[in-house]
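Colleague: There's a structure below that I have some questions on.
The values are calculated or read from the model by the stated rules, or taken from the named source; none is laboratory data. Here the structure is a predicted model, which means the values were calculated and not measured. Cβ placement follows ideal geometry from the backbone for every residue including glycine, while neighbour counts extend to all protein chains displayed. Just so you know, the surface numbers come from the protein's heavy atoms only, side chains and all, with ligands and any DNA or RNA stripped out. Shrake-Rupley method; radii C 1.70, N 1.55, O 1.52, S 1.80 Å.
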Amino acid sequence: MQQHKAYIKGEFVESSDFLKVKYPATGKLVAKVPALTKEDTEEAIESAHVAFKEWKVTPSYKRAQHVINLLTLMRKEENLAEIGRAITLETGKPLDAAKSEVFYGADLGEYQAQWARRIEGSVVDSDSMNEKILTYKEPLGVVVTIIPWNFPIYVLMRKVVPALIAGNTVVIKPSIKSPVSALMLAELFHEAGFPKGVVNVVTGLDDVVGETLTSSPKVNMVTFTGSTKVGRHIGEKCAGNMVRTSLELGGKAPAIVMADADLELAVSAIKNGRLANSGQVCNNTERVYVHKSVKEKFTAMLLEKFQEVKVGDGLETPDIEMGPLISANDAKRVHSLVEGAVEEGAKVLCGGKILEELGESFYPPTLLDNCHQEMNIVHEEVFGPVLPIVTFDTLDQVLERANDSQYGLTSNIYTNNYKHVMELTSRLECGEVYVNRQQGEAYQGYHGGWKQSGIGGDDGKHGFEEFLQIKTVYMKY
């Protein structure tokens, strides 16, 4: 068992209390991390607040150089392997997937670092004689980044790097379920030479550390990825100090399979999109609407794909596709949703029970037939490897059903009819639409949701500018 330290003001700090981190596949204790106090957390905020004065006036290309130093360290094989193994031990995802997360986290960081020389303003003509209006983009100050457990390094890089490049200082709070990889990354931030206080990593209970971070008057922005319930609470806390928020929340992504769709493409993309990370991704495909004319063929093809998936321990079996859910309680929650769907008339085609022979946290790929729009499982985010199938007759009907959700994060379309593509993409109520491909956002895109799926977003130019504010100067001459 490993014991880790938090990172505040350029120093690694201990705590008299610890949080236990367990391996989801076995439930065994694998690490301890500090359970920091309110005072510890306030010290981290103050550290970032003080460091901001120098960091914001550091030329942006020099800020980027620190990031490049970090990326170089992340890409070293020994660091990829060690952090990847830590991710597997805290989340249960297969080891190859965990190592890939570190690799692509560095890749994303490289893209984000390129914004260093692209911070732009504008010059606008004034209504007055001998005057120009100048707009500048400047950093916000202290940015708190609250990281989810399902992608503890990728999402960290997605939020922290643009914040730093923009000139902000950061306090990072990883999930209490997956804090180890973030603390290991803190060691690389330290080795990369970031000035003291620019980066801080704190761990602890949400009602102590989290509440302190979101209620501090010295925090200028909170960016969070996680559930809609928690995001709403964070938004309410931040509102008291008029703190800017960027909240990427839950999803219930529909996949629409039209009669003319390439079924092999659709089946492959939907299978991968539903089962990625054991279904624990906010933009996973959560429900499928398939035209009644191809429903039987589509279902048979998808069922075959689901049944081929290997489930197991990500450390012991290298070639598995799916590991456990994050906890036994989550497996029970997912199974309860499946049981509720069966009570409402759904038919289990495969899966549908906890794989107790593997462990209490393992739930198999589960395909549900005979589903209808009114079912709870068609509306509630499952966040597990379960997929309900609903049929439809007309374009208007499927649009009404796909938009019948509190969420609006992502959606998927499979059709070769460009008229259907244009109408569906124009009328779907969500932030991202994937046409004839598996969902998965590009670095240069914009990942943000509508409705209860959030406020603000990540990636691309728009995501980078979340970490800047505009100053207007009226220049009389």
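Colleague: Over 28 Å between Cα atoms: which of K173/K218; K159/K218; K93/K451; K22/K62; K137/K173 fall into that group?
Modeller: K93/K451; K22/K62
Colleague: Quick check: net charge around V201, other residues with Cβ under 10 Å of its Cβ, Lys/Arg +1 and Asp/Glu -1?
Modeller: +1
Colleague: Through the Karplus equation 6.51 cos²θ - 1.76 cosθ + 1.60, θ set to phi - 60°, convert the phi angles of the stretch 374-381 into ³J(HN,Hα) values in whole Hz; use x for Gly and Pro.
Modeller: 7, 5, 4, 5, 7, 10, 8, 5
Colleague: Can you give me the angle between helix 60-74 and the longest principal axis of the chain, using Cα atoms only, in degrees from 0 to 90, rounded to the nearest 10?
Modeller: Tilt relative to the chain: about 50 degrees.
Colleague: Considering amide H positions built from the backbone, and no H for Pro or chain starts, which residues 5 or more places from G456, or on another chain, come under 5 Å of its amide H?
Modeller: L247
Colleague: If you fit an axis through the alpha-carbon atoms of helix 295-308 and take the longest principal axis of the Cα set of the chain, what angle between them do you get, 0 to 90°, nearest 10?
Modeller: 70
Colleague: Between helix 180-191 and the chain, what is the angle of the helix's C-alpha long axis to the longest principal axis, kept within 0 to 90° and rounded to the nearest 10?
Modeller: For 180-191 against the chain, the angle is about 30 degrees.
Colleague: Rounded to a whole number, what % of the accessible area of the chain do carbon and sulfur atoms account for, probe 1.4 Å?
Modeller: Of the solvent-accessible surface of the chain, carbon and sulfur hold 49 percent.
Colleague: For the stretch 18-35 and the stretch 53-117, what is the centre-to-centre distance using only Cα atoms, to the nearest Å?
Modeller: 24
Colleague: Sequence neighbours fewer than 8 away in the same chain don't count; with that in mind, list the aspartates and glutamates whose C-alpha is under 13 Å from K347.
Modeller: Excluding near neighbours in sequence, the set is E339, D369.
Colleague: Can you return the aspartates and glutamates within cross-link range of K28? Criterion is Cα-Cα under 15 Å, with same-chain partners fewer than 8 residues away left out.
Modeller: Within the straight-line limit of under 15 Å, K28 reaches these aspartates and glutamates: E90, D313, E316, E360.
Colleague: Of the labelled options (1) 21, 58, 20, 1; (2) 24, 53, 21, 2; (3) 21, 55, 24, 1, which one gives P(r) over Cα pairs in 20 Å bins from 0, in percent as computed for this structure?
Modeller: Working out P(r) over Cα pairs in 20 Å bins from 0, in percent from the coordinates points to (2).
Colleague: How large is the charge dipole for the chain, taken about the Cα centre, if only the Cβ atoms of Lys, Arg (+1) and Asp, Glu (-1) carry charge, to the nearest 20 debye?
Modeller: About 1000 debye.
Colleague: Another question, then. Residues of the stretch 264-370: accessible area per residue at 1.4 Å, in Å²?
Modeller: Value returned for the stretch 264-370: 43 Å² of accessible area per residue.
Colleague: Keeping all protein chains in the complex and leaving out DNA, RNA and ligands, what accessible area do you get for C350 with a 1.4 Å probe, in Å² to the nearest 10?
Modeller: Per-residue accessible area (C350): approximately 20 Å².
Colleague: Here's another thing I want to ask about it. Straight-line reach from K53: which aspartates and glutamates have a Cα under 17 Å away, not including same-chain ones fewer than 8 places off?
Modeller: Those aspartates and glutamates meeting the cut-off are E43, E138.
Colleague: Also, I was wondering about something else. ³J(HN,Hα) across the stretch 127-136 via Karplus (A = 6.51, B = -1.76, C = 1.60, θ = phi - 60°), whole Hz, x for Gly/Pro?
Modeller: 7, 9, 5, 6, 8, 10, 10, 10, 10, 10
Colleague: Could you give the distance between the Cα centres of the stretch 333-381 and the stretch 426-444, to the whole Å?
Modeller: Here the answer is 26 Å between Cα centres.
Colleague: While we're on this one: Quick one: grab the alpha carbon gyration tensor of the stretch 1-148, order the square roots of its eigenvalues as a ≥ b ≥ c, and give me rounded if a/c is under 1.5, else prolate or oblate depending on whether a/b is larger than b/c.
Modeller: Prolate, since a/c reaches 1.5 and a/b exceeds b/c.
Colleague: Looking at the stretch 311-418, which trypsin sites (Lys or Arg not before Pro) are DSSP coil and have at most 13 other C-beta atoms within 10 Å of their C-beta?
Modeller: Sites meeting the loop and neighbour criteria: K353.
Colleague: While we're on this one: With contacts defined as alpha carbon pairs under 8 Å and 6 or more residues apart, what's the relative contact order of the stretch 379-477 in percent?
Modeller: The value is 22 percent.
Colleague: Please go through the stretch 1-102 and write out the GluC sites (Glu not before Pro) that DSSP classes as loop and that have at most 13 other C-beta atoms within 10 Å.
Modeller: E14
Colleague: Suppose only helical runs count, i.e. DSSP H with n ≥ 4. What mean residue ellipticity at 222 nm does that imply for the chain under -39500 (n - 2.57) per run, divided by all residues and rounded to the nearest 500 deg cm²/dmol?
Modeller: -11500 deg cm²/dmol
Colleague: Any chance you could count the Lys pairs in the stretch 243-331 whose alpha carbons are under 20 Å apart, treating pairs 8 or more apart or on different chains as valid?
Modeller: So the count works out to 8.
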